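Bear in mind these aren't lab numbers, they're just calculated from the coordinates by the rules spelled out. Small disclaimer: the values here were computed from a predicted structure and weren't measured. Please note: Cβ atoms are built from the backbone with ideal geometry, for glycine as well, and neighbour counts cover all protein chains shown.
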Amino acid sequence: MLSVSSKPFALILGPSLSAASPAAFEAGFRRMGLKPERAVGDGDATPRYRLHFGGVAATIARAGEAELAEADPHDPATSSLATSLPADWRAGGGCWALWCDEEATSVQAPAMRASFQMMVLLLDLFDASHVFWPPARLWSDAPQFRAAMAEMLVSGMPPVLHLVAFRRGEKGGEAVVRTRGLMLFAGQEIEAPIPAGWTIADLVKRVARLALDLMLNGPLLEAQETRGLQPGETVRLRPPDRGDATPTVRAEFGRGG
C-alpha cells in the first residue's frame, strides 16, 4: 500500500490529458523512459504511478484538495511569476502532483538534477501550461519553467526566479523584501529593507543575485560587506541570528560616499 503525506515536489497543470485512460498514461510514461508502476494508496481509488528515472523514484497522481488549496492563486500567500491561471484551473482533474522520494539538499545534487529532468519530461508529456513550485509557493508559466530547467541542466546555473519567491513585507514599520523557498537549497532565507528611492524591482534584482550565490556556494556564515551591482553601491550581509525561527540573512544595500 502507498501512503503519500508530505508536500509534493511540484504541481503540474496539464488539462489536455485529464480524460486519458490509465493505459494511455502508462504508455506515455514508458515513452518518456519513466518506467511506471501502478500503485493505489490507502482507500484511494485514484490511480497513482511510481516513476523511476536517473536513480530517483517519484509518485504522481491527480492533485487532491490539500494540494489544490495550498496552490490557490487567489490566496495572498501564493506568488506567481508573470503568469495567471485560467479561472477553471481546478476543474476536470487536470492538475497533477509529483512527490519525489529524495529530499532536496542542493540544487546541484545528482538526485535533484534527476528530479528536475523528470519534471521536464512530465511537462512535455502533459503539455503543461503552468507549474506550481511548493517550496516557494510559486506559480510559473510551464514553457518558461521548462526552458529554464533545461538551461540549468546544461549550464548548471539555477533559475532562481522560478525556484524562489520574492515577497514584499514590513518589519518594524520598514518595507522589506524577503525570499521564500531559498531555505530548501541554501538552508537560509534573505531579508532586505527597500532603500529610499528604490523600486521593489530594483531590490529584487539584487536579492536574486545574492540568492543565486547562496544556492551555488552554500549558506552565509560570517558577516561581510561587498560591492553592489552599480558603481559606488555596497551591500552588507549579516548571517542569521541564533533566535531565528527560519535562518535569515540580513542584507542592507547602500551607496558609497
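Among the trypsin sites (Lys or Arg not before Pro) within segment 192-257, those in coil by DSSP and having at most 13 neighbouring Cβ atoms inside 10 Å are 242.
Label-to-label distance, residue 124 versus residue 200, with points set 7 angstrom from Cα along the beta-carbon direction: 3.6 nm. When GluC sites (Glu not before Pro) are flagged only if DSSP places them in a loop and at most 14 other Cβ atoms lie within 10 Å, the longest unflagged stretch of the chain comes out as 104-221. With θ taken as phi - 60° and the Karplus curve 6.51 cos²θ - 1.76 cosθ + 1.60 applied, the whole-hertz 3J(HN,Hα) list for segment 237-244 is 10, 10, x, x, 6, 4, x, 5 Hz, x standing for glycine and proline. Beta-bridge orientation, the chain: approximately 85 percent antiparallel, per DSSP, counting only bridges with both partners inside.
When the helices in the chain are scored as -39500 (n - 2.57) per DSSP H run of 4 or longer and the sum is shared across all residues, what 222 nm value do you end up with, to the nearest 500 deg cm²/dmol? Let's see the in-between values first.
Details: 7 runs with 73 residues, N = 257.
It comes out at -8500 deg cm²/dmol, rounded to the nearest 500.
Considering only 142, 210, 175, and ranking their Cα positions along the charge dipole of the chain that arises from unit charges at the beta-carbon of Lys, Arg, Asp and Glu, the one farthest toward the positive end is 210. Close amide H partners of residue 57, meaning residues 5 or more places away or on another chain with modelled amide H under 5 Å apart, are 101, 102. For the chain, the alpha carbon positions stretch 68, 37, 33 Å along the principal axes, listed from largest to smallest. Taking only Cα atoms, what is the 0 to 90° angle, nearest 10, from helix 110-126's long axis to the longest principal axis of the chain? Orientation of helix 110-126: about 60 degrees from the principal axis. Across all Cα pairs in segment 151-193, the calculated P(r) in 10 Å bins from zero up to the longest distance comes to 27, 43, 23, 6, 1 percent per bin. Taking amide H positions as modeled 1.01 Å from N, with prolines and chain starts lacking one, the residues under 5 Å from residue 63 and 5 or more places away or on another chain are 95, 96, 97. Name the long-range amide H neighbours of residue 189: under 5 Å, sequence gap of 5 or more, or other chain; modelled H, no Pro or chain starts. Amide H neighbours of residue 189: 248, 249.
Can you tell me how much longer the chain between residue 30 and residue 83 gets when fully stretched, taken as 0.36 nm per residue apart minus their C-alpha distance, in nm with one decimal?
On the way: separation 53, 0.36 × 53 = 19.08 nm, distance 3.09 nm.
Full-extension gain reported as 16.0 nm.
Segment 54-69 and segment 181-219 have Cα centres separated by 29 Å. Between helix 200-217 and the chain there is an angle of about 70 degrees, using the helix long axis and the longest principal axis of the Cα atoms. Using the Karplus relation 6.51 cos²θ - 1.76 cosθ + 1.60 with θ = phi - 60°, the per-residue 3J(HN,Hα) values for segment 159-174 come to x, 4, 5, 8, 10, 10, 8, 10, 10, 7, x, 9, 9, x, x, 10 Hz, with x marking Gly and Pro. Taking the longest Cα principal axis of the chain as reference, the axis of helix 22-31 is set at about 60 degrees. The fraction of all Cα pairs in segment 169-249 landing in successive 10 Å bins from 0 to the largest distance is 17, 54, 27, 1, given as whole percents.
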